[in-house]
Each structure stands twice: as C-alpha cells, then as structure tokens.
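Q: One structure, pasted below without further comment.
Derivation of every value follows stated rules applied to the coordinates shown; laboratory data play no part. This structure is a prediction, so every number in the text was calculated from the model and none was measured. Please note: Cβ atoms are built from the backbone with ideal geometry, for glycine as well, and neighbour counts cover all protein chains shown.
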Amino acid sequence: MASVNRRNFLTGAAAGFATIGSTRLQGESKKAGANERVRVGVVGAGGRALSLNRSFAENAFAEIVTIADLDPRRLPRAVEDVYRLQGSKPKTTNDFRHLIDDPSLDAIVVGTPDHWHAIPSIMACLAGKDVYVEKPDSHNIVEGMRMVAAMRKHKRIIQMGSQHRSTKRLQSALEYIKTGALGRCLVAKAWESSRQGSIGHPKDSRVPAGINYDMWCGAAPKKPFNVNRFHGRWRWFFDYGTGDLGNDGVHRLDMAVAAFQAACEAQGESPLGLPSAISASGGKWYFDDAQEFPDTLQVTYQYAGQSPRILTYEMRVWCPYQYLGESEGSAVFGDKGYIVLGNRRWRAFDRSGQVAAGEGDSHERPHVQNFIECIKSRKKPYCDLETVGHPASVLCHSGNISARLGRQLHLDTKTEMFKDDKQANALRGRPEWRKPWVLPVV
C-alpha cells in the first residue's frame, strides 16, 4: 500500500517484532524509527478500545496519530495512556471520518459497538487502509459479507480482534492436536458459564452533554436515550449488539473451530467450512431486566460433508461455577482423547487421565503484533477476516437468528443465505440502514 511504501519499512524490522508483544513501555521511548512505524487511527476511546489504544501505543512499530470518539468524556484518559506509552500525544476528533480522510494513516483500529464495526472498516478499505476490527466482525451477516468484499477488492489486511488466535497458549494447543493425539474428532463444544448481573429497567433519560447521539445510533433506528442502550450495555439489544453469543461466545466458538480444524488436518480430512444446519433453543429465563438476547441458550451446529461433525455452544450466564474446569472455554473430543481450552491454559486427556498441558494469558498484544507484521508482509493475519473472523461471526449471527425464530436453519455455505426461509434471511441484515449511515458500495 502506498503509505507503507512511503514509510519505507526496513526489511529487517520484523525481526524486532518477536519481543514487542510482551514489552510494556512506561513513558520511556522504545519506538522504532519514524519510517518503520505503522501510523494508526483508533475509532473509540473506552471499553475494548481503551485497551487497544494501550496495546498499539506500546508497540515499538506502531504510532497512534489520532483517536476518534463521540463521547468527549472518554478521550482524556485514552490520550493520557497513549502519551505515556508511546511518548507522543495523539490528536483527537469526535468524527471517525477524519481518520478515513487522513492520507498519512496506514491503518484504522475499530473498537466501537458492534453496530459501528462495518461502516468504518469498509470505508477504511476504500481509502486504502488496513483494519483491525473488534469481534464479532459486524452487527449482522450482510455487513460482514460486505466487509469481506471490500477487503478482497481493495487487497487490504483485516485482523478481527479474536486475540486468542495469536496467543502462545492456543498455538501450542493446536500443535499438540496436529500430532494426531486426539484421534478422529467428531464433536466439539464451546460454553459460557461465568455469572453476569441484571441490567434492570432504567427509564429513558436525556442525552449526556456533548454527545452526538444521532451519530452514535448510526444505521440503527433512533430511539430515546437510555443508559442501557449506551456504553457497555448496548450489546444486549438487537439494534446494536449480538448478545453474549457475539460478545464472549465468538471467542469460545472460534477456539473450538481452530482446534476442530487442527484435528481434521491431523487426520487428513477436509476442512470444516461453515455449518449446514443451525439449531438454537433458549431464552430469557433467569434475569428480569431489559436485555433482549437470551441468558440461557443451547446452539447446535452440524457440519455436512464426507465426515459430518457437530459443534455445540452453551450459554449459562447465571452460573457461579465452572464446567470441565473452566468458567468459559472450548473442548474437542476424539476417539483417542480430548482437549479442554480455557482462557489461561489447555489440558489434554486420554482414557488414563491428563497427558499434556499448556498455559498463557489472553492479552491482545501478540494479536496487535501479528497485525503489524502482516501490514508489512501482506500475509494473512492469524484472525484474517475472510477465512477466520467472518466465519466465526457467522456462527454467532446464525445462532442468534435461530434462537429468535425458534427453529432449525439450513445454511447455504457458499452464499451464506438460509435455504427457503424468508424470515431468517430478513434477519441476515437490517430492514434498512438509517440514512446517511448506509453500507458503502464496494
């Protein structure tokens, strides 16, 4: 891409990446030369975006130039953290389009609510910038497909923020599975059983001062302001979020798919692809609050092909205890053994008991490092949108659609349309994208 070439990345610069992921800068400048840094604009200053600001700022081969956020109250802390970690102060704006229009930026980081993932990502691709976008890739299947189309056409690198993919923990688990130690694997499982709380039923109220609420609503219908439909809690509402299936479930499902895929590879079997049938059941059975998504859910994904397989997902966000030793995790079961993957460890078992293990945290620093490396090399990142991130997101979206309709869905894995099901296909996107925030044409 033009801006990276202009900065003349040094061929040997990548050698320094290996240690950056675990190096935390404390105000002291440890940055590479200006011509070796990726110039970054970050959309978002709070929540996950605050952590991403820190991780990019502390990376020696990145420089955050500008941070955009609609809430001016969130900007000072993000600016302070970035200044402390990278030694230079980023500019700020309340409109992400200033980042898209800045020709000096190489990459855009999208750390927004789900309903604001697609449009900035697509616009960044059209402007010739690479993208790091939080998970899931989008608010719905149609948006995710448009993001993939923009990435393909404009030859962009897009890393989805399922950071487990880049961890030594998961990589070591996949290496173990590829030895064939689990044997033939036909069943995998993912789950969330860590307890969450009620969000109550607060009344609508005034928009906080200084916030462009109309823009915050974006493509979603504009409703009266409510604290439950704003910072943090937006994810529990159909218009903006994807529920806990898209919040934490996307991590567990993606980990399960990665392990399942490694098991297929070990047996010389065909890749998983997308499931052909999705069946979900559950509902709001525990919390008496304003959440629209289920708090209790079971989803079954059936994979067709020469060797059919089943992946299940369980959500019990009212549980104060663990399952298979993990409050949230994934497992793959074979005819020789099975493996359990958690957020900080993995353990493998055969009929005699535990036979192997590994550990490591889930921080996104290695994921950021991998993204920066791939901006230079133009190789696919660990959570490449087209081959990893979007398929994982489709699992979440299709599970939510099946739960809303209360029936099994049959997916055309090539078109990502549901077969003979107008109601399900209507939920693949929005009835309309509220103007002016329509999906950009690729």
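Q: Rounded, prolate or oblate: which fits the range 251-346 when a ≥ b ≥ c are the square roots of the eigenvalues of the alpha-carbon gyration tensor, with rounded for a/c under 1.5 and prolate only if a/b beats b/c? All intermediate terms of the calculation are to be shown ahead of the outcome.
A: Numbers: a/c = 2.92, a/b = 1.55, b/c = 1.88.
The shape class here is oblate.
Q: Another question, if that's okay. How big is D, in µm² s⁻¹, for the chain by Stokes-Einstein at 25 °C and 0.890 mPa s if Rh is the Kirkwood radius over C-alpha pairs?
A: Numbers: Rh = 22.3 Å.
Estimated diffusion coefficient is 110 µm²/s.
Q: OK, next. Report, in debye and to the nearest 20, how large the dipole of the range 172-257 comes out about its Cα centre when Lys and Arg carry +1 and Asp and Glu carry -1 on their Cβ.
A: Working: 12 positive and 8 negative charges, 37 e Å.
Around 180 debye, computed over the range 172-257.
Q: In nm, to one decimal, how far is the Arg434 label point from the Asn94 one, both placed 7 Å along Cα→Cβ?
A: So the two model labels end up 1.7 nm from each other.
Q: Further question on the same structure: Which Cα, out of His231, Ala256, Leu272, lies furthest along the positive dipole direction of the range 212-276 (beta carbon charges, K/R +1, D/E -1)?
A: Highest projection toward the positive end goes to His231.
Q: Next question, about the same structure. From the Cα gyration tensor of the range 142-200, with a ≥ b ≥ c the square roots of its eigenvalues, which class applies: rounded if a/c is under 1.5, or else prolate if a/b is larger than b/c, or else oblate? Can you show the working numbers first?
A: Working: a/c = 2.13, a/b = 1.16, b/c = 1.84.
The shape class here is oblate.
Q: On to the next question. Which value results when the Cα radius of gyration for the range 171-295 is divided by 2.2 N^0.38 Å? Before the final figure, lay out each step's value.
A: Working: Rg = 20.0 Å, N = 125, 2.2 N^0.38 = 13.8 Å.
The range 171-295 yields a ratio of 1.45.
Q: Follow-up question, since we're still on this one. Test of the criteria: in the range 87-160, which trypsin sites (Lys or Arg not before Pro) are in a DSSP loop and have at most 12 other Cβ atoms within 10 angstrom of their Cβ?
A: Details: sites: Lys91, Arg97, Lys129, Arg146, Arg152, Lys153, Lys155, Arg156; in loops: Lys129, Lys155, Arg156.
Loop-located and lightly packed - Lys155.
Q: Out of residues 5 or more away from Phe225 or on other chains, whose amide H comes under 5 Å of its own, with H placed 1.01 Å from N in the peptide plane?
A: Those lying under 5 Å, H to H, from Phe225 are Ser205.
Q: Work out the charge dipole of the chain with +1 on the Cβ of Lys and Arg and -1 on the Cβ of Asp and Glu about the Cα centre, then indicate which of Val187, Pro136, Val82 is farthest towards its positive end.
A: Val82
Q: Out of Val355, Ile375, Leu439, whose Cα points farthest toward the positive end of the dipole of the range 309-442 (charges: +1 Lys, Arg; -1 Asp, Glu; placed on Cβ)?
A: The Cα lying farthest towards the positive end belongs to Leu439.
Q: Please state the relative contact order of the chain as a whole percent: Cα pairs under 8 Å, 6+ residues apart?
A: Values: 960 pairs, mean separation 84.3, N = 442.
Worked out over the chain, it gives 19 percent.
Q: If you scale each eigenvalue of the Cα gyration tensor by 5 and take the root, what three semi-axes come out for the range 336-441, rounded to whole angstrom and sorted largest first? Walk me through the intermediate numbers first.
A: On the way: eigenvalues 238, 121, 32 Å².
Square roots of five times the eigenvalues give 35, 25, 13 Å.
Q: Kindly state, to the nearest 0.05, the FRET efficiency for Val227 paired with Arg407, given R0 = 35 Å and r defined as their beta-carbon distance. Kindly include the intermediate steps, with their values, before the conclusion.
A: Details: r = 34 Å, r/R0 = 0.97.
Efficiency, from the Cβ-Cβ distance: 0.55.
Q: Evaluated at 4 °C with a viscosity of 1.567 mPa s, what Stokes-Einstein diffusion coefficient in µm²/s does the range 106-185 have when Rh comes from the Kirkwood expression over alpha-carbon pairs? Can you show the working numbers first?
A: Numbers: Rh = 13.9 Å.
Approximately 93 µm²/s, per Stokes-Einstein.
Q: Given the options Pro103, Pro202, Pro366, which has the most mean-square fluctuation in a GNM of the chain, springs set between C-alpha atoms less than 10 angstrom apart?
A: With Cα springs under 10 Å in the chain, the top fluctuation among Pro103, Pro202, Pro366 is at Pro202.
Q: Also: Tell me which trypsin sites (Lys or Arg not before Pro) from the range 270-332 have a DSSP coil assignment and no more than 16 other beta carbons within 10 Å of their own.
A: Numbers: sites: Lys284, Arg309, Arg316; in loops: Lys284.
Filter output for the range 270-332: Lys284.
Q: I need the shape label for the range 54-106. Rule: rounded when a/c is under 1.5, else prolate if a/b > b/c, else oblate, with a, b, c from the alpha carbon gyration tensor. Show your work: numbers first, answer last.
A: Details: a/c = 2.46, a/b = 1.15, b/c = 2.14.
In terms of gyration-tensor shape, oblate.
Q: Could you give the nm distance between label points at Arg378 and Asp361, where each point is 7 Å from its Cα heading toward the beta carbon?
A: Using points 7 Å along Cα→Cβ, the separation is 3.5 nm.
Q: Let me ask something else about it. Multiply the residue gap between Thr415 and Asp214 by 0.36 nm, knock off their C-alpha separation, and tell me the result in nm, one decimal place.
A: Values: separation 201, 0.36 × 201 = 72.36 nm, distance 3.33 nm.
Using 0.36 nm per residue and subtracting the Cα-Cα distance, I get 69.0 nm.
Q: Read phi for every residue in the range 217-222 and hand back ³J(HN,Hα) as whole Hz from Karplus 6.51 cos²θ - 1.76 cosθ + 1.60, θ = phi - 60°, with x for Gly and Pro.
A: 5, x, 6, 6, x, 8
Q: Something else now. Given a Förster distance of 22 Å, report the FRET efficiency between Lys153 and Ser104 from their Cβ-Cβ distance, rounded to the nearest 0.05.
A: It comes out at approximately 0.40.
Q: Return the tail of the calculated pair distribution for the range 199-252, meaning the percent of Cα-Cα pairs more than 19 Å apart. Numbers along the way, then the final one.
A: Values: 428 of 1431 pairs.
Summing the P(r) of the range 199-252 above 19 Å gives 30 percent of all pairs.
Q: Can you give the convex hull volume of the alpha carbon atoms of the range 27-136 per residue, in Å³?
A: Working: hull volume 9.2 nm³, N = 110.
Each residue corresponds to 84 Å³ of Cα convex hull volume.
Q: Additional query: Among Tyr321, Tyr301, rank each residue by its count of other Cβ atoms within 10 Å, from fewest to most, as a rough exposure measure.
A: On the way: Tyr321 9, Tyr301 27.
Ascending number of Cβ neighbours within 10 Å: Tyr321, Tyr301.
Q: Charges only on Cβ, +1 for Lys and Arg, -1 for Asp and Glu: so what's the dipole of the chain about the Cα centre, in debye to the nearest 20? Write out the running numbers ahead of the final one.
A: Numbers: 60 positive and 47 negative charges, 130 e Å.
The calculated dipole for the chain is roughly 620 debye.
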